[in-house]
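Chemist: My questions will all concern the structure given below.
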């Protein structure tokens, strides 16, 4: 029996948002899972990083925060999950943003920027 694999829902959603033709879906599906090229297995992480920093390319303030979160959590996927948890859990949000200055993992302004990008790309639904 042949196992059918589908593209990750987030990648599919992004390709649909970009109005990609069907050939792009097929090429991504055929190429990504089976390649040994070093840049492709990290496609999902690169997509998450790009989405989190979308629109803030020249802003070192956002990149320093993103790098600090990456060092703390270990991957961009975990950052997306963390932002999603903050978004959906009022108690966690209160606890994180009411922490003393040096104990803050993320500030409200950076959280709002990241959250906006994730909502815009369909990774967090309102």
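The values are calculated or read from the model by the stated rules, or taken from the named source; none is laboratory data. The model shown is predicted, which means the values in this text are computed figures rather than measured ones. So basically every Cβ, Gly included, is an ideal-geometry build from the backbone, and we count neighbours across all protein chains shown.
Chemist: Go through the range 84-103 and give me each residue that's in contact with a helix residue (DSSP H, G or I) (Cβ under 7 Å, 6 or more places away or on another chain) and exposed (fewer than 13 other Cβ atoms within 10 Å of the Cβ).
Modeler: Matches in the range 84-103: 85 only.
A quick yes/no check of all residues on (1) in a helix (DSSP H, G or I); (2) modelled with pLDDT under 80:
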| site | (1), (2) |
| --- | --- |
| 1 | no, yes |
| 10 | yes, yes |
| 25 | yes, yes |
| 46 | yes, yes |
| 85 | yes, no |
